[in-house]
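Down below is the structure, laid out as structure tokens.
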Amino acid sequence: MDKYNHKKIEQKWQKYWEKEKLYKTKDISTSSGQNKPKYYVLDMFPYPSGEGLHVGHPKGYIATDILARMKMMQGYNVLHPMGWDAFGLPAENYAIKNKIHPRKAVEKNIKKFKSQLEKIGFTYDWSREINTTDPEFYKITQWMFLQMFKKGLAYESNEPVNWCPSCKTVLANEDLENGKCERCGSKIEKKPLRQWVLKITDYADKLLKGLDDLDWEDSIKEMQGNWIGKSVGATVKFQVISKNKNVLKNNSMSEYGQNLSRNSAELTRNYAEPQTTKSELLYENLTYKIRGIIFNVKKNIGLGHKESVYHNALKIEFAKHGLFFESEKQIDIKYEGKKIGTYQPDFVIENKVLIELKALPKIGRQQLNQAWTYLKGSDYKLAFLVNFGTADLEIKRMIYDIARNQNNNSAESAFSLRESATSLEVFTTRPDTLFGCTYMVVSPEHELIKKLSKFCHSELDSESQKNKNKIPDQVRDDALPIRNLEEVEKYIKKAKNKSDLERTDLAKEKTGVELKGIKAINPVNNEEIPIWVADYVLASYGTGAIMSVPAHDKRDFEFAKKYNLPIKQVTRSSEKKCLIIHGSPKKDMSRDSDYVPENIKHWLGWLKNELDKKGYKIHNPQMPMPWKPDYNKWKRQIKKINIDENTTIVGHSAGGAFAVRWLSENKKKIDKLILVAAGLQKEEGNERLHKLYDFKIDKKIRNRVNDIIIFVSNDRDYRVQNSKIYSKELNGRLMYLENRKHFTIKDNPANKEFPELLDEILRQDLKEAFTGDGVNINSGFLDGLKTAEAKNKITEWLEKNKIGKKAINYKLRDWVFSRQRYWGEPIPIIHCKKCGAVAVPEKYLPVKLPEVKNYKPTGTGESPLANIKNWVNVKCPKCGGPAKRETNTMPQWAGSSWYYLAYLIRKQEAKNKKQEYILNKKKINHWMPVDFYVGGAEHATRHLIYARFWHKFLYDIKVVGSKEPFKKLKHVGLILAEDGRKMSKRWGNVINPEDIVKKYGADNLRVYEMFMGPFSQPVEWNTNGLIGTRRFLEKVYKLRMKANNKANGTNANEQLEILLHQTIKKVTEDIESFDFNTAISQLMILTNTMEKEKTISITSYRLLIILLSPFAPHTAEELWEKLGNKKSIFLQPWPKHNPEFIKEKEIELVIQINGKVRDKIKVSADISENEAKKIALESEKIKKWTKGEKIKKIIFVKDRLVNIAI
RNA sequence: GCCGCGGUGGUGAAAUGGUAUACACGAGGGACUUAAAAUCCCUUGGAUGAAUAAUCCGUGCGAGUUCGAGUCUCGCCCGCGGCACCA
């Protein structure tokens, strides 16, 4: 008998497969390619690193190979290609270190990888091999980039980006791990550098929605969903006002000031639209509206006042309404491109609007004419606060002209003060907590600060110095919106110097500075709330500012605690409940009842009311409380209410006693215990009840209750007794109901003892922020609404009042697409001084990566390519002028974003027809989408997001016809080293697949890796385990001796026949679902069973080999040949199970008593229910159990069991 | 902190709400052998027990639903992975 010699077998069949071109995918132009349905199985192509493969790498490839082989045998035209993702840092770093061109290193590595892969016996169609560094390949990458550029999806940005100081390049958000470089672990710095950025955020929603239709593992979808990070909420605009409490109060202020003050009061009342009359159109229309308030200077102030006072007064008045102006802004007046003078308007708002206080500027008329002619053509909008009383008529006309020319509609549209009024917009996912917003925080980079500090500075620099004598100090001070500007600026400077990692370090305590002098107005309650600047607020998310709700946000809570800011709870857990237990002999105590003493009745009513107001859900069950209190009955009532840590129990009289008893019996925790009238008047036969009051609140109960309060009735004996017991322990929370007059709240509202005490124990002293959903409280019109309802209602309200609107935010950032490194695709852009960034015309693609002497990154934010003068300097394709090439290269993820399309074309074809990769829609539409994609989970938020984005773009420009590239996806679980760590050269724990193949065989490696455990789960490598699968293969090999030609057709053993068909079914299904471990175990069971037979039919042995062939292709081919077959086993059709054969004829009927197995009886599979039950009951063993028992129920489960409930 | 996944023999692990521990490794015993390796056979969750009689316990912990729970529900504990001042 021949021995199983894996070396011989493997070499033989690998050669055969190559010679026969067995795995060459049929081109769709051929008839064999057309007739078969397609199946595209794809592996994530590897980065050919210098280290070579370790045993973890092929795991995914083995799986796809098994699938590909089965699909082939099932009659599909299978595409199973392989290629190389060869651009990237490691090759470049290797090149720098060893002074070898990265291309050479890559070539070498690919060779090694390929030979390692070939030894495992894969079905790859190497005629379609691709390489991202091939100019023919990256030509298309560049072409696709240009399409994005043309659509505005690729743009240049100067925003601060992630800079890795060690790799000397910028990185995308996806390339970071905990604020560190994913590759080298260096801390990332934020640097403002010019970068190419892809607008992936435009596709955020599509990327998120697309996930729904994908047959991917939930974990991967989850990760992508998180990464995209959609948050639904609202934006809210808060008005910002300057607090100038002392303005104009001073008696020493000029009469004009007083005048103004009075007027402003008047103005705030006047909400009417401006009156317009035809003749006065100009100036009437140019009266100023501030948030609807008309500010008519002409009428109320008039001309001729001292300008500085007027100027300042006006400024303050504006500031009160949130309008901050720059004064002393100089504007260059140009005439035919030359500066001819400067012009200084009285106010400038946000570099957009110029305001003149009067129509008599300090410059001459001619100059004015020039100035305004110039300004007419500029971006500025002009506005005038004019008194025309003494104005030069000609100037008047001029103004009129300007106004008419620049504002076709009205002055207001040109100069909408409403627009420029200072406000602070925030994004929040919890608009429902708006009532609880007690302060606001802006990020250090926020516009508001820039704007206000500019305003302040202009004041400090010029106005205050020049006019020191003219302006009263107070006015000057009050005119500055930020009074502690210095402190604020110092803080901002410090924050900017921190690295991103420092800023986002969670362990770090939050810091911040209040912007003194300004306040925001909470739009729902008009409360003035402070504005802070703090670096825990990110400039990059939302609007860079937040509304702070410390009661319901952990971070805000922390901050508020530190800086002693108010915390206002507006949502409470809907779980909070109160159970009122009445011990009254008569029904409901809170209702009218003759029996209940007035004081208690009022008291309970009030208590219930208070608890209700605080948001407690009141349970007020009707107790079956008779004259003879029944504890058990009572307990049953209580059971319906789930008493937990959120429950407050109010126990009244006997109810209180029960509550205490219940607490001592049940080890449950509750929130608060309030005992009312714990002690009764001795009247009407209360003796029995009195006995109940001998309860004790011991330590155990105390520990399970957060707080206890007891009110004792006016019964002297019990009062004394109770006070002895509890007054010390309860810190005085023991109150006496001395007489009804005193304690009836209604009668004596001045009595504060009860309410105060109650307040004390019910106060929601938040120990931490409550971030969950619940019910709104202290929220005006939102009170009582559940979180979701409150969200809707407030959003509606915000929209109606134009304060805010529904908004969606994404965590996903645009993709920083340039790297300052050598080994990547050059970005095909030319920078021209005249024309800006110009696309390289398509006919000049590819822009080949030039040879360079030194690959070292420059570290200056430019790539090494910048040093190649004759490559960089080119003519502008648009104007022919001198221009420079873009020297940044693309990131590693560029090529992998579309490589799966490149496989659809054979290499030869691609070379012949220059653009076939992208133009052959027929092939793309035939093969796409990828049917099954396998790779590492680490790509979930990188490659897989980029590729989907890229594909969706290609869909939009009609290059591809499918919306998603990868229909089905499975991720490979890592193979860890035997020490439990990742396999790495660093740890010296790498196991090379070549060694395993040599020693144990390729098939053995394949079967073992699939048998180790669930495919997607990480497992530790265990070389000892290989012996099991090796034995299995040898068993199958040896089993050939038992395969008997004579025993054709079916087996003598019927059971074996059943097992065979069960195996066909299981293996087929398990391959499809990637449950290879159970498929193999099933094959082992079949083999073990066959081995026990003396002879087996040749048909069944054949089937076994076919089922095994995808897993162990070399062994299967060898055995197949040994059985006398001439053609490859992989040309055999995949077997189908016969459903008839699967059914067992005889089954083991399990008989249970109360779910426990008591007997097993062999019966025919088609036994009827009644028969089965009868047999079960007749069993001796069962009789033993059922004797003397009443049978309640008998359950029959077909093919399985009978369960007798007794 | 949030989101997701998991916790079953000595180990890797099976198990549509229906016989828990399939399959494999390891271990123990036996056969063959001068011996070893290889191979084959038997045993292998725990307790009581002479027992391959029987009973009880047993899938991280505690409750619940059910005739019946590893599986479903609720509350914890632990481990892994992802995200993380994301408002």
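The values are calculated or read from the model by the stated rules, or taken from the named source; none is laboratory data. Computed from a predicted structure; not experimentally measured. No Cβ is skipped: glycine too gets one built from the backbone with ideal geometry, and neighbour counts run over all protein chains shown.
State whether one or more residues within region A:960-977 are surrounded by fewer than 23 Cβ atoms within 10 Å (Cβ to Cβ), touching a His at 6+ places or on another chain (Cβ under 6 Å) and either of a type in the set (V, I, T) or not in a helix (DSSP H, G or I) (or both).
no
Mind checking whether some residue in region A:895-903 is surrounded by 19 or more Cβ atoms within 10 Å (Cβ to Cβ), modelled with pLDDT of 90 or more, under 24 Å from the mean Cα position of the chain (by Cα) and among the aromatic types (F, W, Y)?
no
Filter region A:183-204 down to the residues that are within 15 Å of RNA strand B (Cβ to nearest atom) and under 20 Å from the mean Cα position of the chain (by Cα) and list them by number.
A:I200, A:T201, A:A204
Give the residues of region A:502-556 that are on the phi > 0 side of the Ramachandran plot, among the small types (G, A, S) and not in a strand (DSSP E or B), sorted by residue number.
A:G542, A:G544 - these are the residues of region A:502-556 that are on the phi > 0 side of the Ramachandran plot, among the small types (G, A, S) and not in a strand (DSSP E or B).
Counting only residues that are assigned to a helix (DSSP H, G or I) and either away from RNA strand B (no atom under 16 Å from the Cβ) or out of contact with any Cys (no Cβ under 8 Å at 6 or more places or on another chain) (or both), how many does region A:146-175 have?
If we filter region A:146-175 for residues that are assigned to a helix (DSSP H, G or I), which is where we start, we get A:146-150, A:173-175.
Still in the running and either away from RNA strand B (no atom under 16 Å from the Cβ) or out of contact with any Cys (no Cβ under 8 Å at 6 or more places or on another chain) (or both): A:146-150, A:173-174.
Within region A:146-175, residues that are assigned to a helix (DSSP H, G or I) and either away from RNA strand B (no atom under 16 Å from the Cβ) or out of contact with any Cys (no Cβ under 8 Å at 6 or more places or on another chain) (or both) number 7.
Report whether or not A:N1024 is away from RNA strand B (no atom under 11 Å from the Cβ) and among the polar types (S, T, N, Q).
Details: away from RNA strand B (no atom under 11 Å from the Cβ): no; among the polar types (S, T, N, Q): yes.
No; evaluated as a whole, the condition is false for this residue.
Out of curiosity, is A:A937 in contact with a strand residue (DSSP E or B) (Cβ under 6 Å, 6 or more places away or on another chain), over 15 Å from A:A63 (Cα atoms) and within 16 Å of RNA strand B (Cβ to nearest atom)? First the steps, then the outcome.
Values: in contact with a strand residue (DSSP E or B) (Cβ under 6 Å, 6 or more places away or on another chain): yes; over 15 Å from A:A63 (Cα atoms): yes; within 16 Å of RNA strand B (Cβ to nearest atom): yes.
So A:A937 fits the description; yes.
Across region A:789-845, what is the number of residues that are polar (S, T, N, Q) and away from RNA strand B (no atom under 14 Å from the Cβ)?
4
Taking A:A560 as meeting all but one of (1) closer than 27 Å to A:N809 by Cα; (2) away from RNA strand B (no atom under 14 Å from the Cβ); (3) at pLDDT 90 or above, write down the number of the exception.
Every listed condition holds for A:A560 apart from (2).
Considering only residues that are under 15 Å from A:V1150 (Cβ atoms), near RNA strand B (Cβ under 9 Å from one of its atoms), in a helix (DSSP H, G or I) and of a type in the set (D, E, K, R), which ones fall in region A:1160-1204?
Once the filter is applied, which keeps residues that are under 15 Å from A:V1150 (Cβ atoms), near RNA strand B (Cβ under 9 Å from one of its atoms), in a helix (DSSP H, G or I) and of a type in the set (D, E, K, R), region A:1160-1204 yields only A:K1181.
Considering only region A:29-37, I want to know if a residue exists there that is β-branched (V, I, T) and closer than 18 Å to A:L901 by Cα. Working first, answer last.
As a first pass, look at region A:29-37 and keep what is β-branched (V, I, T): A:30.
Okay, now just the ones that are also closer than 18 Å to A:L901 by Cα, so none.
No - not one qualifying residue is present in region A:29-37.
Where the second residue is buried (at least 16 other Cβ atoms within 10 Å of the Cβ) and basic (K, R) and the first is in contact (Cβ under 8 Å) with a residue 40 or more places away in the chain and farther than 17 Å from A:A883 by Cα and lies in region A:835-846, which pairs have Cβ atoms under 9 Å and are six or more apart or on separate chains?
From region A:835-846, the pairs are A:L845/A:K139; A:P846/A:K139.
Within region A:1048-1057, is there a residue that is of a type outside the set (K, R), under 50 Å from the mean Cα position of the chain (by Cα) and more than 10 Å from RNA strand B (Cβ to nearest atom)? Full working, then the answer.
Within region A:1048-1057, the subset of a type outside the set (K, R) is A:1048-1057.
With under 50 Å from the mean Cα position of the chain (by Cα) added as a condition, the list becomes none.
The answer is no, given that none of the residues of region A:1048-1057 is of a type outside the set (K, R), under 50 Å from the mean Cα position of the chain (by Cα) and more than 10 Å from RNA strand B (Cβ to nearest atom).
Does region A:538-552 hold any residues that are out of contact with any helix residue (DSSP H, G or I) (no Cβ under 9 Å at 6 or more places or on another chain) and of a type outside the set (S, T, N, Q), and which are they?
A:A539, A:Y541, A:G542
For A:P481, state whether it is at pLDDT below 75 and either buried (at least 18 other Cβ atoms within 10 Å of the Cβ) or in a strand (DSSP E or B) (or both).
Numbers: at pLDDT below 75: yes; either buried (at least 18 other Cβ atoms within 10 Å of the Cβ) or in a strand (DSSP E or B) (or both): yes.
In short, yes.
Any chance region A:1144-1153 includes a residue that's away from RNA strand B (no atom under 12 Å from the Cβ) and on the phi < 0 side of the Ramachandran plot? Step through it out loud before you land on a result.
First, pick out the residues of region A:1144-1153 that are away from RNA strand B (no atom under 12 Å from the Cβ): A:1145.
Next, only the ones that are on the phi < 0 side of the Ramachandran plot stay: A:1145.
Taking every residue of region A:1144-1153 in turn, at least one turns out to be away from RNA strand B (no atom under 12 Å from the Cβ) and on the phi < 0 side of the Ramachandran plot.
Tally up the residues in region A:524-557 that are crowded, with 20+ Cβ neighbours inside 10 Å, away from RNA strand B (no atom under 13 Å from the Cβ) and closer than 23 Å to A:I777 by Cβ, please.
1
Count, please, the residues in region A:1022-1066 that happen to be farther than 30 Å from A:A1165 by Cβ, of a type in the set (A, V, I, L, M) and modelled with pLDDT under 90.
Number satisfying all stated conditions: 1.
If you take the residues in region A:1111-1140 that are basic (K, R) and in contact (Cβ under 8 Å) with a residue 40 or more places away in the chain, which one is nearest to A:K8 (Cα to Cα)? I'd like the intermediate steps shown before the answer.
Initial filter on region A:1111-1140 (basic (K, R)): A:1122, A:1126-1127, A:1136.
Next, only the ones that are in contact (Cβ under 8 Å) with a residue 40 or more places away in the chain stay: A:1122, A:1136.
Numbers: A:K1122: 14, A:K1136: 32 Å.
So the residue we want is A:K1122.
Do you know which of the residues in region A:496-523 that are near RNA strand B (Cβ under 9 Å from one of its atoms) and at pLDDT 85 or above is nearest to the chain's Cα centre (by Cα)?
A:K510
Here are some residues: A:A63, A:A68, A:A95, A:A86. Which one is more than 30 Å from A:H926 (Cα to Cα) and either touching a residue at least 40 places away in the same chain (Cβ under 8 Å) or not polar (S, T, N, Q) (or both)? Spell out how you get there, then give the answer.
Working: A:A63 fails: more than 30 Å from A:H926 (Cα to Cα); A:A68 fails: more than 30 Å from A:H926 (Cα to Cα); A:A86 fails: more than 30 Å from A:H926 (Cα to Cα).
So the residue among A:A63, A:A68, A:A95, A:A86 that is more than 30 Å from A:H926 (Cα to Cα) and either touching a residue at least 40 places away in the same chain (Cβ under 8 Å) or not polar (S, T, N, Q) (or both) is A:A95.
Looking at region A:408-455, which of the residues that are touching a strand residue (DSSP E or B) at 6+ places or on another chain (Cβ under 7 Å), hydroxyl-bearing (S, T, Y) and more than 14 Å from RNA strand B (Cβ to nearest atom) is modelled with the highest pLDDT?
The selected residue is A:S423.
Kindly establish whether A:K1092 is over 30 Å from A:K119 (Cα atoms), out of contact with any His (no Cβ under 9 Å at 6 or more places or on another chain), near RNA strand B (Cβ under 10 Å from one of its atoms) and not β-branched (V, I, T). Reasoning before the result, please.
On the way: over 30 Å from A:K119 (Cα atoms): yes; out of contact with any His (no Cβ under 9 Å at 6 or more places or on another chain): yes; near RNA strand B (Cβ under 10 Å from one of its atoms): yes; not β-branched (V, I, T): yes.
So A:K1092 passes the test.
Does A:P46 satisfy the condition of being in a loop (DSSP other than H, G, I, E, B), modelled with pLDDT of 95 or more and over 30 Å from A:M1041 (Cα atoms)? Give the derivation first.
Working: in a loop (DSSP other than H, G, I, E, B): yes; modelled with pLDDT of 95 or more: no; over 30 Å from A:M1041 (Cα atoms): yes.
Criteria not met by A:P46.
Just need a number here: residues in region A:1078-1116 that are within 50 Å of the chain's Cα centre (by Cα) and crowded, with 16+ Cβ neighbours inside 10 Å.
Summing the residues that are within 50 Å of the chain's Cα centre (by Cα) and crowded, with 16+ Cβ neighbours inside 10 Å in region A:1078-1116 gives 21.
Being surrounded by 15 or more Cβ atoms within 10 Å (Cβ to Cβ), without any contact (Cβ under 8 Å) to a residue 40 or more places away in the chain and more than 13 Å from A:K59 (Cα to Cα) narrows it down to one residue among A:L1026, A:L1033; which is it?
A:L1026
Condition (residue is in a helix (DSSP H, G or I) and farther than 30 Å from A:K12 by Cβ) applied to region A:1045-1053: is it met by at least one residue?
If we filter region A:1045-1053 for residues that are in a helix (DSSP H, G or I), which is where we start, we get none.
No, region A:1045-1053 has no match at all.
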